[in-house]
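Accompanying notes for the structure given below.
The values are calculated or read from the model by the stated rules, or taken from the named source; none is laboratory data. Every value quoted in this text rests on a predicted model; they were computed, and no experiment measured them. Please note: Cβ atoms are built from the backbone with ideal geometry, for glycine as well, and neighbour counts cover all protein chains shown.
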Amino acid sequence: MADTVRRLKVRTHRTSLSGETSASDDEVLNVHSQTVSNITMDFFYRPKTISLLIFAVGIVVMMAFNRNPNVNREDNIASGLFCVTFLFLIVSLMCFPNGPYIRPHPLVWRVVFGISLIYLLGLTFILFQKLSDVRAMLGWLYPELLDVKPENKSWATNCAFSFYRLWECLDIYAFAHFIGWVFKALFLRHAGILWAISVLWEITELAFKHLLPNFAECWWDMIILDVLLCNGLGIFVGLFICRKLEMASYHWESVKDIHTTSGKIRRVIMQFGPESFQPVRWFEPTSTVMRIMYVWQLLFVWQISELNTFLLKHILMVPIYNMLNTYRLLLIGAIVSPSIKQYYVYTTDARSRSLGTQCWIFLAITLIEFLICLKFAPELFAKADVIKIGLWVIFQVALT
């Protein structure tokens, strides 16, 4: 009887004194570098390091020796930077961790990790430059940025509400706002945390609108368009998708075992979806103050990362329509997904002793971006209202 009880205790998930539920050893390990346990297409998962080396060297040789010798210095620098980035990403394919995901292929997430590391190193380099030199670099990429003037447009003009004005605001940016919240819901999968982020961001805009004029919005823009329509509908749709994915059963067959063309196409398309979709529990009935502090840290870093988007755009004078903003948002979105998974395991599993590498990179990116804003715009932050910023921090803690 004692042996039976002992075996049952070993099989059950252990709960630590801090209220954290322990997962299996494989889950804790795989959150750093997930492995493919059920390989159905050997060709796509077989190591090809020699072939990759020949391919990489061939590309470099072709670009280095098949060039016009009369090209200018800027073209040479651009080609050199391209090849450096290319070789770095080739190395990332072979050496970097997979992260917590394996779909559509582990190599995709190794490349995401490599690009995020390049971005972090680039931010660190920018931190040691002058603002004028950084703007010259951006102007080299996009010459139209050299003629951009500071943007001080306020949206809080003529705030009389009408459905016609609300309809006019439903443009491509509102749709992008909605899609962004759908993905946030897919990443976090917790209605309470999502609504807290939504409300806290509106408070962030109120606290910083004396520094960033385009944060000034009409009441209906803030409450109806942002919180209820874009954020609310995005949260609803995202959580609806999560519930459907959680209820689905996952049984994967090899393409070789499927005999119909439509079945093969469907299997290839499903490769771009999740291998499995487990429900998450950010809070447990036995959760302690430490678990709540972990969630507060998540919300606070999220607010800073969102704030960096607008500070960088304002300080570096990059208009909203410029593709640099789009590229950054896509990169941050790709980084955030595995980062949240790693942070979730770190905060909820008692045996996870280290933060995931992708999450570490994301935190470093957020910090360096904010330091760049502080360094390049001291006159902007000198105008900060200490009382408003203090109340903003209090609201961050209280609402969490």
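For the range 307-321, the count of residues that are crowded, with 20+ Cβ neighbours inside 10 Å, in contact (Cβ under 8 Å) with a residue 40 or more places away in the chain and under 16 Å from the mean Cα position of the chain (by Cα) is nonzero. Listed conditions (1) within 20 Å of Glu205 (Cβ to Cβ); (2) in contact (Cβ under 8 Å) with a residue 40 or more places away in the chain; (3) in a helix (DSSP H, G or I) are all met by Ile332, apart from (2).
Considering (1) hydrophobic (A, V, I, L, M, F, W, C); (2) more than 14 Å from the chain's Cα centre (by Cα); (3) surrounded by fewer than 18 Cβ atoms within 10 Å (Cβ to Cβ), the lone condition that Ala364 does not fulfil carries the number (2). Just one of the listed residues (Trp219, Trp195, Trp181) is under 20 Å from the mean Cα position of the chain (by Cα), surrounded by fewer than 16 Cβ atoms within 10 Å (Cβ to Cβ) and among the aromatic types (Phe, Trp, Tyr), namely Trp195.
Do we find that Asn325 is at pLDDT below 95, touching a helix residue (DSSP H, G or I) at 6+ places or on another chain (Cβ under 9 Å) and in a helix (DSSP H, G or I) in this structure? Please lay out each step first, then the result.
Details: at pLDDT below 95: yes; touching a helix residue (DSSP H, G or I) at 6+ places or on another chain (Cβ under 9 Å): yes; in a helix (DSSP H, G or I): yes.
Yes: the conditions hold for Asn325.
Within the range 288-322, being of a type in the set (Val, Ile, Thr), within 18 Å of Val148 (Cα to Cα) and in a helix (DSSP H, G or I) holds for Thr309, Ile315.
Restricting the range 92-151 to residues that are buried (at least 19 other Cβ atoms within 10 Å of the Cβ) and polar (S, T, N, Q), which is farthest from Ser337 (Cα to Cα)? For the range 92-151, the residue satisfying everything is Ser92. Within the range 342-354, residues that are among the small types (Gly, Ala, Ser) reach partners that are assigned to a helix (DSSP H, G or I) with beta carbons closer than 6 Å, at six or more positions or on different chains, in the pairs Ser352/Val28; Ser352/Val345; Ser352/Tyr346.
State yes or no: is Gly114 out of contact with any helix residue (DSSP H, G or I) (no Cβ under 8 Å at 6 or more places or on another chain), closer than 30 Å to Val31 by Cα, in a helix (DSSP H, G or I) and of a type outside the set (S, T, N, Q)?
Numbers: out of contact with any helix residue (DSSP H, G or I) (no Cβ under 8 Å at 6 or more places or on another chain): no; closer than 30 Å to Val31 by Cα: yes; in a helix (DSSP H, G or I): yes; of a type outside the set (S, T, N, Q): yes.
Taking the combined requirement at face value, the residue does not satisfy it.
Got at least one residue in the range 64-76 being among the β-branched types (Val, Ile, Thr) and either in contact with a strand residue (DSSP E or B) (Cβ under 9 Å, 6 or more places away or on another chain) or assigned to a helix (DSSP H, G or I) (or both)? The answer is no; no qualifying residue exists. Identify, please: which residue in the range 375-393 is exposed (fewer than 11 other Cβ atoms within 10 Å of the Cβ) and without any contact (Cβ under 8 Å) to a residue 40 or more places away in the chain and is, among those, farthest from Ile315 (Cα to Cα)? Among those that are exposed (fewer than 11 other Cβ atoms within 10 Å of the Cβ) and without any contact (Cβ under 8 Å) to a residue 40 or more places away in the chain, it is Ile387.
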